[in-house]
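> Take a look at the following structure, please.
A short reminder: the numbers here are calculations on the coordinates, not readings from a lab. Computed from a prediction, not measured in an experiment: that's the story for all the values here. Here Cβ is always computed from backbone atoms with ideal geometry, including for glycine, and neighbour counts include all displayed protein chains.
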Amino acid sequence: MKIVMAESTEHGSATQRFTTTGRTNGRTKRGIRTDKLRLFWRSSMSSWLSRLFGWVLGSSKQPRLVCERRIWSAGVEELRRRTLGGRRESGAFLLGRDEDGTKRILEFVFYDDIDPDALRSGIVHFAGARLSRLWAICRTRGFGVVADVHVHPGGYQQSPSDQADPVIPRAGHLAIILPHFASREAVPGSIGMYEYCGNGRWLTHTSLGRAFFTLH
Ligand SMILES: [Zn+2]
């Protein structure tokens, strides 16, 4: 198990990757236009497919993650408060239980309550040595870590370090990212939702929204 968790400041958006220069040298405008159309078609097709897939999943399957609205709202509010007005990132372990394949969030355990230095640098940097405190809380409550959540200054896409360093590097672990320092409404549909598959691979469930993560 990897017990050193680190974050970098890299939170590049997907669009930045397309703004390369010099690539279109020597190409016709028609060619560029065709590429753009193809790109547009591909992205609208994939978002349409995601929505359809989400609808089918939502109507036939139980959500993977659930939480009472009051627990979620209070936790998000506390994460927002701990950013000190958007001056640093914050995050929490999400503790709870597995209920027949659906993970239920019952408690937020904030990184800086376990490791007082976790947020000091402005980005989440958790000392693995402090994890014993987390396991003690889990034992006392009879809960497990069902997911983790952290805020980003900008969008909810995973950064390269989010992908490289899963908080719990176990297949099936869920990671949630709240955009804009959690300063806006942070509910399924407007937050990033990712599942670790092992071997450095992740699945993105963001577009499934409430079908994947239901507040009630
Ligand atoms: Zn991140």
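> How large is the direction-averaged shadow of the alpha-carbon convex hull of the stretch 135-208, in nm²? Spell out each step's value before the answer.
Values: hull surface 22.3 nm².
Its average projected convex-hull area is 5.6 nm².
> Oh, and also: When the Karplus curve 6.51 cos²θ - 1.76 cosθ + 1.60 is applied with θ = phi - 60°, which whole-Hz ³J(HN,Hα) does each residue of the stretch 102-119 get, with x for Gly and Pro?
Each residue's phi maps through the Karplus curve to give 9, 8, 10, 7, 10, 7, 8, 10, 6, 3, 6, 7, 8, 10, x, 8, 4, 10 Hz.
> Run the paramagnetic zone check for LYS61: 7 angstrom along Cα to Cβ, then residues of the stretch 142-175 with backbone nitrogen under 16 Å.
Answer for the stretch 142-175: 172-175.
> Right, something else. Residues with beta-carbon under 13 Å from that of GLY192, excluding GLY192: net charge, scoring Lys, Arg +1 and Asp, Glu -1?
Values: positive: none; negative: ASP148, ASP162, GLU195.
That sum, taken over residues with Cβ under 13 Å, equals -3.
> Rounded, prolate or oblate: which fits the stretch 85-216 when a ≥ b ≥ c are the square roots of the eigenvalues of the alpha-carbon gyration tensor, with rounded for a/c under 1.5 and prolate only if a/b beats b/c?
Here the stretch 85-216 falls in the rounded category.
> Within the stretch 102-133, which residues have the backbone N less than 15 Å from the label spot 7 Å out from ARG87 along Cα→beta-carbon, could you tell me?
The answer is 119-123, whose backbone nitrogens lie closer than 15 Å to the label point.
> Take ALA164 and VAL187, extend 7 Å from each Cα along the Cα→Cβ direction, and tell me the distance between the two endpoints in nm.
3.7
> Moving on. Please give the net charge around GLY96, taking every other residue with its beta carbon less than 11 angstrom from that of GLY96, where Lys and Arg add +1 and Asp and Glu add -1.
Summing Lys/Arg as +1 and Asp/Glu as -1 gives 0.
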